[in-house]
Amino acid sequence: MSEIKGPSLDAKVDGSSLRIAIVHARWNKVIIDALVAGALKKLKEAGVKESNIVVESVPGSFELPLACSRMIAGSHIQAASNEADLLGGLNFGSGSGILSPKFPSRSGTPAPAIPSANQAFDAVIAIGVLIKGATMHFEYICDAVSHSLMKIQVDTGVPVIFGVLTALNDDQALERAGLGKGDKTGHNHGEEWGLAAVEMGSHVRRWNSGKFL
Ligand code: DLZ
């Protein structure tokens, strides 16, 4: 039977000029570790340099939106101070407004053609594994996290890849990390998230410079 689910693989992705962050929760660690490994594998296969991949962790999925938001803002601060150093040491103090939580979209900040360890992130992959329990906790976190991650990417203009599994039981989550039991090994969705980060990071770079296919 032919496979109808999942993205088609016709997008050619080149991550050699991109800087990508992964932020993952630590709940359900075995599954998280497999998903992070899948994402890293595809980032590297797509040419993203190891020195341009940042991996951070937070306690649980509920913390992912804040982490994404602050890491995106922090990477813009890094990039701005890098530019200031290059321009001869301009001082960006906290009074300059650059530390504002409402740091503007990177749409006005073209990324360099040559990747630098201090350039702003081109994409962030948020990875979490939520497994339904006996209470409503799961529903609240799934809802809050998915909406917040979408808002962050739209507000900042930086792609936030939705790497959050929302599983009704352990087996569903294991299968989506390629760790399923018996003949139901499943497939590691972290791999698609890595590829999506490179594709979206490249698209947004191009769109920001007014280039369209
Ligand atoms: C509390 C909690 C529960 C019950 N389940 C999960 C889960 O399945 N996956 C996950 O990533 N995090 C879970 N958490 C932790 C919350 O995301 C969060 O870390 C805490 O509520 C503290 O804010």
Tell me the accessible surface of GLU192 in square angstrom (1.4 angstrom probe, heavy atoms of protein chains only), to the nearest ten. 50
Leaving ligands and nucleic acids out of the surface, order ILE4, ILE141 by accessible area at 1.4 Å, largest first. ILE4, ILE141
State in Å² the accessible area per residue of the range 116-194; use a 1.4 Å probe, count heavy atoms of protein chains only, and round to the nearest integer. 47
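Specify, per residue and in Å³, the volume enclosed by the convex hull of the alpha carbon atoms belonging to the range 133-213.
90
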Straight-line reach only, C-alpha to C-alpha below 29 angstrom: list the lysines that LYS49 could link to, leaving out same-chain residues fewer than 8 apart. LYS12, LYS29, LYS41, LYS151, LYS211
What is the distance in Å between the Cα centroid of the range 153-213 and that of the range 7-63? 9
Which far-off residues, 5 or more places away or on another chain, put their amide H under 5 Å from the one on SER57, with H placed in the peptide plane? HIS24
Keeping all protein chains in place and using 1.4 angstrom, which order do PHE138, PHE162, PHE62 fall into by accessible surface area, from largest down? PHE62, PHE162, PHE138
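The values are calculated or read from the model by the stated rules, or taken from the named source; none is laboratory data. Small disclaimer: the values here were computed from a predicted structure and weren't measured. Accessible surface is based on the protein model in full, side chains and every heavy atom, while ligands, DNA and RNA are left aside. Shrake-Rupley method; radii C 1.70, N 1.55, O 1.52, S 1.80 Å.
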